[in-house]
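Report on the following structure.
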Amino acid sequence: MDAWESLVAETQDEGVVTEVIRPAAVVPEEAARAVLMQLALRDVRIGGVWDSEPALWRRFDRPWSNGQHDATDPSQLLGTIQIAYGVPTRYEITIFRATITKVGQEHGWTVEALCDEALTYGGLTLATCPRADLKPPPQPFVMR
């Protein structure tokens, strides 16, 4: 099962809690490098609990037993963080949505706790992370 199939499956789960992070949390360049390095060191394929991909960070309850996640693997998805690399500037990361699965809720996870675990590697929490600068929409075009 690839990441998108997993995401679709989790959104169809009745116990799922999804929160749109507004305004979006922006991880500054230095913290972003630290977070990415630590997530890589804690990869679920090599004994960790994180699976990081370009658009999604996934947190599992245990490492994958055979180096890949399939029907025979006992590890369970606890939650996901949807991110965008290079937004708003080239070396920053924007966190815009987080989801806790039913299993994650049963283990006591919240959106804030999930984001905080990842952000802590960069010295941040969701509460202390800088936020995207929201500008008002432009005035509508009026023909005269």
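Bear in mind that the values in this text are calculations on the coordinates, not laboratory data. Computed from a prediction, not measured in an experiment: that's the story for all the values here. With ideal geometry, Cβ positions are generated from the backbone for all residues, glycine too; neighbour counts draw on all protein chains shown.
What the table below lists for this structure:
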quantity: Inter-residue pairs, beta-carbon under 6 Å, first closer than 16 Å to Ile81 by Cα and in the stretch 41-57, second surrounded by fewer than 16 Cβ atoms within 10 Å (Cβ to Cβ), 6+ apart; calculated: Glu53/Ala3; Leu56/Ala3
quantity: Total residues in the stretch 117-144, condition part of a strand (DSSP E or B) and either among the hydrophobic types (A, V, I, L, M, F, W, C) or surrounded by 15 or more Cβ atoms within 10 Å (Cβ to Cβ) (or both); calculated: 0
quantity: Options Leu77, Leu119: the member that is in contact with a Cys (Cβ under 7 Å, 6 or more places away or on another chain) and in contact (Cβ under 8 Å) with a residue 40 or more places away in the chain; calculated: Leu119
